[in-house]
Amino acid sequence: MPTLTAPLSPAAGTDRATVAEAGLHLEISGLTKRFGQFTALREIDLAIREGEFVCFLGPSGCGKTTLLRAIAGLAPQSAGRIIQRGRDISRLPPQARDFGIVFQSYALFPNLTVFDNVAYGLRNRRDDRAWIRARVAELLALVDLAGSEAKYPAALSGGQQQRVALARALATEPGLLLLDEPLSALDARVRVHLRGQIKALQARLGVTTIMVTHDQEEALAMADRIVVMNHGTIEQVGTPAEIYRRPASAFVAEFIGSMNFLEVRPDGAHALRLGRRRLDCPAHDCAGDSRARLAIRPEAVKLCAANEGLSARVEHVEFLGAFLRVGLTLTETGQALVADIAVRDAEALGLAPGASLGVLLPSEALRLYPGREARA
Ligand SMILES: Nc1ncnc2c1ncn2[C@@H]1O[C@H](COP(=O)(O)OP(=O)(O)O)[C@@H](O)[C@H]1O
Ligand SMILES: [Mg+2]
């Protein structure tokens, strides 16, 4: 029988230290999932480190849940392998795999008390009754619901129900925690609060965690690494900062954060032409293309006096509290551009609709992606 305190004090566990040295928790290779003629996942390769918090992020229908369900064995893959801590689990049924799972909609048993819900997996394993009682109390304390044992799910708020679901998923000390949009049914304030709670709990337990979300802000705030998915493939894997600063594709650039796109012509491997202007930019792969899409974040666009930079006209100015969002038109090309400007800087520029000013596009903030024609 496991001891009561060891499972919840990760740093002390020698097993964990050993596994951490080994590095990888999950290795997915060549994973494909078909539903009839439709390919929902195509040749997915992904490695997840021990103790990592990974988010699967992407638009609805891109295959996030399908990938999570394949990892759990709930919807086995059509091809490919899944290795967990060195063990090939590709063909194991869910009950033989090592994970706990939380779904979007509260999947608690409505006719069971909170205690019975959390104790479910422990009873299935035929753990000692006194131990189960102590373990449930410990888990409920962990999710800030101490003393709620006798309540029924219907008596709890949505956020509380998800915390019970989390306690239930963690009860048997799984090596892997799978969360499928656990926050998306909650209202905004509860969602942000629970986001912090889940993140803190995960850090404390050190349990390797995969969370599915379509909410980029949630992924940026919570993940150690984000896996950006689109149409059943992985577009990019990276830390939130990497994904935000160096999106690997136009899709990622557009999906995460706000982004301006301008049609330009590549000019060598380190420059581009925007109208008649030649601008330096970081190395890109579009040198052979006749067109490309230039991406720059609104906060990277600099505004200056009308006699400097690219000439532009102010179309509208939106006050957003911490900054101003300025809608501009580039005079020469007629292209629209958005700039986010600190309130203090705006005063010096005298921003008002109709005003003429200059726009600077700092080289290091530019990214070039193949144009639409080049892709076809
Ligand atoms: N059981 C199924 N049968 C047929 N198609 C499915 C099934 N499950 C999912 N799909 C399809 O696979 C694609 C990916 O679905 P899913 O993984 O649920 O997307 P996400 O979780 O990213 O929103 C969607 O086009 C969906 O319609
Ligand atoms: Mg889904």
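The values are calculated or read from the model by the stated rules, or taken from the named source; none is laboratory data. What you are looking at is a predicted structure, and each value in this text was computed from that prediction instead of being measured. So basically every Cβ, Gly included, is an ideal-geometry build from the backbone, and we count neighbours across all protein chains shown. Just so you know, the surface numbers come from the protein's heavy atoms only, side chains and all, with ligands and any DNA or RNA stripped out. Shrake-Rupley method; radii C 1.70, N 1.55, O 1.52, S 1.80 Å.
Taking just the alpha carbons, could you work out the radius of gyration and Dmax for the chain, both in angstroms?
25.1, 79
Quick one: what Rg and Dmax do you get for the range 67-218 from the alpha carbons, in Å?
15.5, 46
Sort out for me the Cα centre separation of the range 146-160 from the range 45-110, rounded to whole Å.
Using only Cα atoms to place each centre, the spacing works out to 27 Å.
In µm²/s, what is D for the range 38-106 at 10 °C and 1.306 mPa s, where D = kT/(6 pi eta Rh) by Stokes-Einstein and Rh is the Kirkwood radius from Cα pairs?
120 µm²/s
Peptides 204-212, 37-45, 97-105: what's the order by average Cβ count within 10 Å, highest mean first?
Highest mean packing first, the order is 204-212, 97-105, 37-45.
Can you list, largest first and rounded to whole Å, the semi-axes you get for the range 159-241 by taking the square root of 5 times each eigenvalue of its Cα gyration tensor? Could the numbers behind the result be given before it?
Values: eigenvalues 88, 50, 29 Å².
Semi-axis lengths for the range 159-241 are 21, 16, 12 Å.
Sort 46-53, 292-299, 142-149 by the packing proxy (mean of other Cβ within 10 Å over each peptide's residues), most packed first.
292-299, 46-53, 142-149
Any chance you could get the radius of gyration and Dmax over the Cα atoms of the range 116-204, in Å?
Spelled out, the Cα radius of gyration and Dmax of the range 116-204 are 13.0, 40 Å.
In whole angstrom, note down how far apart the Cα centers of the range 164-232 and the range 268-288 are.
Measuring centre to centre over Cα atoms gives 40 Å.
In square nanometres, what is the average projected area of the Cα convex hull of the range 302-360?
Values: hull surface 13.5 nm².
For the range 302-360, the mean projected area of the Cα convex hull comes to 3.4 nm².
Which of the lysines could be linked to LYS199 by a straight reach, that is with a Cα gap under 23 Å, when you skip same-chain ones fewer than 8 residues away?
Partners within reach: LYS64.
What accessible area per residue comes out for the chain, rounded to a whole number of Å², with a 1.4 Å probe?
48 Å²
Just subtract the alpha-carbon distance of GLN37 and SER184 from 0.36 nm times their residue separation and send over the number in nm, one decimal. All intermediate terms of the calculation are to be shown ahead of the outcome.
On the way: separation 147, 0.36 × 147 = 52.92 nm, distance 3.01 nm.
Net length gain for the segment: 49.9 nm.
Given Cα pairs under 8 Å that are at least 6 residues apart, what percent is the relative contact order of the chain?
15 percent
Calculate what fraction, in whole %, of the accessible area of the chain sits on carbon and sulfur atoms when a 1.4 Å probe is rolled over the protein chains.
Heavy-atom surface of the chain belonging to carbon and sulfur, 1.4 Å probe: 50 percent.
Aspartates and glutamates near LYS302 by alpha-carbon distance under 13 Å, same-chain residues fewer than 8 away left out - which ones?
Excluding near neighbours in sequence, the set is ASP340, ASP345, GLU364.
First select every other residue whose beta carbon is under 15 angstrom from the beta carbon of GLN216; then total the charges, Lys and Arg +1, Asp and Glu -1. Walk me through the numbers before you get to the answer.
Numbers: positive: LYS64, ARG191, ARG195, ARG225, ARG245, ARG297; negative: GLU181, ASP215, GLU217, GLU218, GLU235, GLU242, GLU254.
Taking every other residue near GLN216 into account, the sum is -1.
For ARG277, what is the net charge nearby, where nearby means another residue's Cβ is under 14 Å from its Cβ and Lys, Arg count +1, Asp, Glu -1?
Computed value for this residue: -1.
Mind checking the angle between helix 129-142 and the chain's longest principal axis? C-alpha axes, 0 to 90 degrees, to the nearest 10.
That helix lies at roughly 20 degrees to the long axis.
Pop the C-beta distance of ALA283 and SER157 into the FRET formula with R0 = 51 Å and round what comes out to the nearest 0.05.
Working: r = 52 Å, r/R0 = 1.01.
Working from the Cβ atoms, E equals 0.50.
So how long is each side of the range 256-355 along the principal axes, counting just the alpha-carbon atoms, biggest first, in Å?
Projected onto its principal axes, the Cα set of the range 256-355 covers 42, 31, 17 Å.
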